[in-house]
Structure formats: C-alpha cells, structure tokens
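Taking it in order: structure first as structure tokens, then the write-up.
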Amino acid sequence: MKKMILFAAAIMMAFGASAQMSLVKDLAKKASSGNPQALAEVLQSIEPAFTNPESAGDVLTWYTAGKAAFGLYDELYKMKLMQQPVDENMMNEVLSGAYEFYLQALPLDSVVEVDKKTGMPKLNSDGTKKVKTKYSKEIIGALTSHMGDIAGAGNTYLQASDWEHAADAFGNYADLATSDFAIKNGVAAADSVISQVRFFQAYSQYQMQKFAEAYDNFTKARKLGYTDNNIVDFQTSSLANMVQGMLDKNEYDKANNFIDNALKSDPSNGTLHDIKGFTIELKDGVDAALPFYRKAVEVDPTYANAYFDVGRCLYLQAQKIIDDNPNATNKELVPKIKPIYDEAIPFLKKASELNPDDNKAKNVLDDILYKFEVMGVK
C-alpha cells in the first residue's frame with residue numbers, strides 16, 4: 001500500500017512539472033503581446049513556475065517572465081510619455097523584476113546542437129557537446145537598452161528616501177554597466193559614472209545601517225576616483241560602526257585585522273588610526289593605544305578627536321600614578337605627573353580649538369589646571 005502511495009505521489013509530481021512547463025510555453029506566446037493587461041497576466045500566472053523544480057531550471061520560464069516584464073515596463077513608459085496616468089512605483093518594480101528574471105535566464109540559456117540527419121548531439125573537437133544560446137542576444141539587448149531606466153529608478157527611490165529599493169537599483173545598474181557583455185557591446189559606463197552610482201548605492205545602504213555593504217561600496221567608489229559628498233567620512237563611519245559591532249561581541253582580533261586591512265589601502269586616514277587606537281585600548285589599555293592616537297594626529301593634523309585621545313590617554317597615565325600612590329604627598333607626585341600633564345595640555349587645547357562645540361577636551365583640561373592649583377604648581 002505504501003509503495004502505491006509513493007508511486008501515485010511521483011505521478012502527481014511529474015504531472016505538476018509537465019503542467020507547469022506547458023503553462024510556461026503558453027505564456028511565452030502571450031509575452032510578446034503589446035497589451036499591458038495581457039503582460040501583467042503573464043507575470044501573475046507564471047509565478048508558480050518559479051518554484052517548480054523542472055520549470056525553475058528551464059530558461060524559457062525566466063525568459064518569458066523577463067520578456068513580459070520588460071514589455072510591460074515599455075508599454076507603461078509609452079503611456080507616461082503621452083501624459084497618461086501611470087503608477088511609477090509599479091513601473092520601477094516591474095523594471096527591477098525584469099532585470100532579475102533575465103539575470104536568472106542568462107546562465108540557463110544553453111541548447112545542445114543536434115545533427116538534423118542523425119538526431120545526435122554535435123560534438124566539439126575535444127568530445128564535448130556543442131552548445132549554442134537561444135535567447136541571450138535578445139536578453140542582453142534588453143538589459144543594456146534599459147540601463148538608463150534602471151539608474152533613473154534608483155534616483156526616484158533615492159529622492160523618496162526608499163533606501164532599500166534605491167540601493168538595489170543603483171547596484172543593478174553598476175553591475176550591469178560594468179558587465180562583460182556591456183563592455184563587449186560598447187555600452188559600459190565610464191568609471192566616473194560608476195563611482196557616483198556606487199556612492200549613492202553605499203549612501204542608501206548606510207541609511208539602512210547596512211554598514212558592511214556600505215563600506216564595501218564606498219570603497220569601490222573611492223577606488224574609481226569619487227571624492228564628493230564627504231565620502232571619506234561616510235566610509236570611515238561605516239567602518240567604525242562595523243568595528244563597534246565586532247567589539248560589542250568581544251571580537252578584538254577580528255576588529256584589528258579588519259582595520260589593518262583598511263589602513264593598507266588608506267594609510268593617511270587619521271580616523272582609521274584613531275579607531276585602531278580605540279580598539280587596542282579596549283583590550284590592552286592606554287599605554288598600548290597611545291602610539292596609534294599619536295599616529296592619527298600625525299597623518300591628519302585637523303582631526304580633533306585624535307588630539308583629544310592623545311591628551312586623554314596622557315591624562316589617564318598621570319591619573320594612574322596618583323591612584324597607585326595614595327599615600328604620596330603633592331611634593332612627591334608633582335615631579336612624576338607634571339611632565340605628563342604638560343604634554344597633554346597642548347593636545348587638549350588643540351582639540352578644543354578644532355571642535356569648540358565639544359566640551360570633552362575642555363573638561364579634562366580644566367581638571368588638570370585644578371590639580372595644578374591644588375598642588376601649588378605654577
């Protein structure tokens with residue numbers, strides 16, 4: 001009885017797969033329609049074929065979906081040009097779907113060539129079967145001809161603060177405009193364009209607090225020469241947030257390795273050296289961190305927080321001397337701590353000068369001057 005049930009189930013599965021492919025073939029004919037309603041019906045009806053094992057692995061499924069989606073987008077775009085009412089959000093969603101469908105179709109588009117006389121597969125000189133593509137030329141043509149539309153969708157989403165869709169659209173455009181087939185067909189975008197698109201992709205990801213993805217794309221944009229919109233600050237902030245996430249999990253080695261890799265490609269970034277110092281300080285203390293804070297000041301003399309961190313660490317070194325010698329008199333302490341405080345003061349003053357709205361450095365400086373007064377230091 002059990003065997004009969006399993007056999008019956010297998011028949012149903014085979015029938016389901018066959019039925020899905022039959023449906024796809026019927027929809028493929030309909031996908032060439034210029035009727036928006038018919039194209040929308042194709043997209044709705046074909047959805048079950050995406051999850052069926054047989055139809056999901058057949059190029060015709062994804063080609064049909066992509067053809068219908070691009071067709072629907074084009075028809076809606078025509079309506080928009082004629083100033084007819086159009087749901088632009090739906091247009092952009094259809095465009096995004098078309099892109100994804102065709103990307104699924106491309107790697108599946110391979111047909112074994114068959115000898116018409118024998119019905120046997122044709123073979124290459126090495127004995128492998130000869131393969132040709134059936135839909136790739138049309139797919140690539142549709143993708144490359146809609147590159148500007150995909151970028152435009154990204155701008156629309158960006159202006160609406162729809163960060164997730166903006167990041168996806170900008171990423172799709174950048175990947176498409178730098179693809180091998182875009183280069184081969186002479187439609188690849190210039191580095192200056194891609195760098196700007198990568199920045200806005202990263203900016204959108206940053207707004208979603210997807211800091212790892214944002215850091216990666218800010219880095220790509222900078223490597224392509226992008227320097228606008230405070231990109232260094234955004235890139236560094238993304239890294240800082242990533243590192244903080246690692247430190248929250250006590251992943252000190254992972255955080256240090258990540259910062260070291262970042263410093264290899266950006267050694268003159270004072271903020272990175274400062275973050276490195278902070279990471280070292282959490283694990284190994286002030287003395288170990290101080291050289292990295294000093295390096296941050298050295299490579300970026302305008303970075304207020306680095307000056308503060310140098311002054312703060314020196315202040316903490318002096319404070320440790322005081323704490324470790326509770327019975328020492330002021331006369332005994334002054335020779336030990338005054339040189340340290342004297343070194344700290346210029347850094348704290350510079351931090352306050354560079355960032356007058358932040359009172360951290362001023363508060364530490366005031367405490368040093370108070371101690372000097374109590375100890376009778378002039």
If I fit a long axis through the Cα atoms of helix 147-159 and take the longest principal axis of the Cα atoms of the chain, what angle between them do I get, 0 to 90°, rounded to 10?
50
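Full-extension gain between D366 and N261, please, as 0.36 nm times their residue separation minus the C-alpha to C-alpha distance.
Working it through step by step, the gained length comes to 34.0 nm.
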Using a Förster radius of 41 Å, what is the FRET efficiency between A212 and K137 based on their Cβ-Cβ separation? Nearest 0.05, please.
0.65
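May I ask for the net charge around L158, where only other residues with Cβ less than 12 Å from the Cβ of L158 are counted and Lys, Arg are +1 while Asp, Glu are -1?
Details: positive: none; negative: D162, E164, D168.
Once positives and negatives cancel, what remains is -3.
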For the range 142-270, using Cα atoms only, the Rg and Dmax in Å read 15.8, 49
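Starting with the fewest neighbours, write out D260, D216 ranked by other beta-carbon atoms found within 10 Å of each beta-carbon. Before the final figure, lay out each step's value.
Working: D260 11, D216 17.
Least to most surrounded, the residues fall as D260, D216.
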List the lysines whose Cα sits under 17 Å from the Cα of K249, skipping any in the same chain fewer than 8 residues away.
K276, K283
Using Cα springs under 10 Å in a Gaussian network model of the chain, which residue among D26, D109, D274 shows the largest mean-square fluctuation?
D26
V377 and L123 label points (each 7 Å along its Cα→Cβ direction) are spaced in nm at 9.0
Could you tell me the center-to-center distance, by alpha carbons, between the range 168-197 and the range 215-232 in angstrom?
16
For K129, enumerate residues with amide H under 5 Å from its amide H, sequence gap 5+ or separate chain, H modeled in the peptide plane.
N124
Within 14 Å, Cβ to Cβ, of K29, how many net charges do the neighbouring residues add up to if Lys/Arg are +1 and Asp/Glu are -1?
+1
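Rounded if a/c is under 1.5, else prolate if a/b is larger than b/c, else oblate: which is the range 41-164, with a ≥ b ≥ c the root eigenvalues of its Cα gyration tensor? If you can, show how the numbers build up before the last one.
Details: a/c = 2.62, a/b = 2.37, b/c = 1.11.
Because a/c hits 1.5 or more and a/b exceeds b/c, the range 41-164 counts as prolate.
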Can you list residues from other chains, or at least 5 along the same chain, whose modelled amide H is less than 5 Å from the amide H of V114?
K122
Gaussian network model of the chain, springs between alpha carbon atoms under 10 Å - residue of G154, G34, G277 with greatest fluctuation:
G34
Diffing the range 319-336: the Karplus 3J(HN,Hα) column from phi (6.51, -1.76, 1.60, θ = phi - 60°), in whole Hz with x for Gly and Pro, holds 5, 5, 4, 5, 5, 7, 10, x, 9, 6, 7, 4, 4, 6, 7, 3, x, 7
Could you give each residue of the range 120-128 its phi-based ³J(HN,Hα) in whole Hz, using Karplus coefficients 6.51, -1.76, 1.60 with θ = phi - 60°, and x for Gly or Pro?
8, x, 6, 10, 7, 4, 8, x, 7
Only Cα pairs within less than 10 Å get springs; with that Gaussian network setup on the chain, which residue of E75, E353, E164 has the largest fluctuation?
E353
Nearest 500 deg cm²/dmol is fine: what mean residue ellipticity at 222 nm does the chain get from its DSSP H runs of n ≥ 4 alone, each adding -39,500 (n - 2.57), divided by its residue count?
-24500 deg cm²/dmol
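Given a Förster radius of 41 Å and the C-beta distance between T329 and L282 as r, what FRET efficiency does 1/(1 + (r/R0)^6) yield to the nearest 0.05? Could the numbers behind the result be given before it?
On the way: r = 34 Å, r/R0 = 0.83.
It comes out at approximately 0.75.
Want the number for M82 to K338: 0.36 nm per residue separation, take away the alpha-carbon distance, what's left?
Numbers: separation 256, 0.36 × 256 = 92.16 nm, distance 7.91 nm.
Gain on extension, M82 to K338, equals 84.2 nm.
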For a 32 Å ceiling on Cα separation, which of these pairs sit above it: K210/K362; K223/K362; K331/K362; K254/K371; K67/K116; K210/K349?
K210/K362; K223/K362; K254/K371; K210/K349
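At 0.36 nm per residue, minus the direct Cα-Cα distance, what do N89 and D358 gain on full extension? Give it in nm, one decimal, please.
On the way: separation 269, 0.36 × 269 = 96.84 nm, distance 4.36 nm.
Extra length available between N89 and D358 comes to 92.5 nm.
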When the Karplus curve 6.51 cos²θ - 1.76 cosθ + 1.60 is applied with θ = phi - 60°, which whole-Hz ³J(HN,Hα) does each residue of the range 133-141 get, with x for Gly and Pro?
9, 10, 10, 4, 4, 5, 4, 5, x
May I have the pair-distance distribution P(r) for the chain, computed from all Cα-Cα distances with 20 Å bins from 0 and rounded to whole percent?
21, 36, 25, 14, 4, 0
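Throughout, read-outs are computed from the coordinates displayed, never taken from laboratory work. From a predicted model like this one, the values you see are computed outputs, not experimental measurements. Ideal geometry is used to build each Cβ from the backbone, glycine not excepted, and the neighbour counts take in all protein chains shown.
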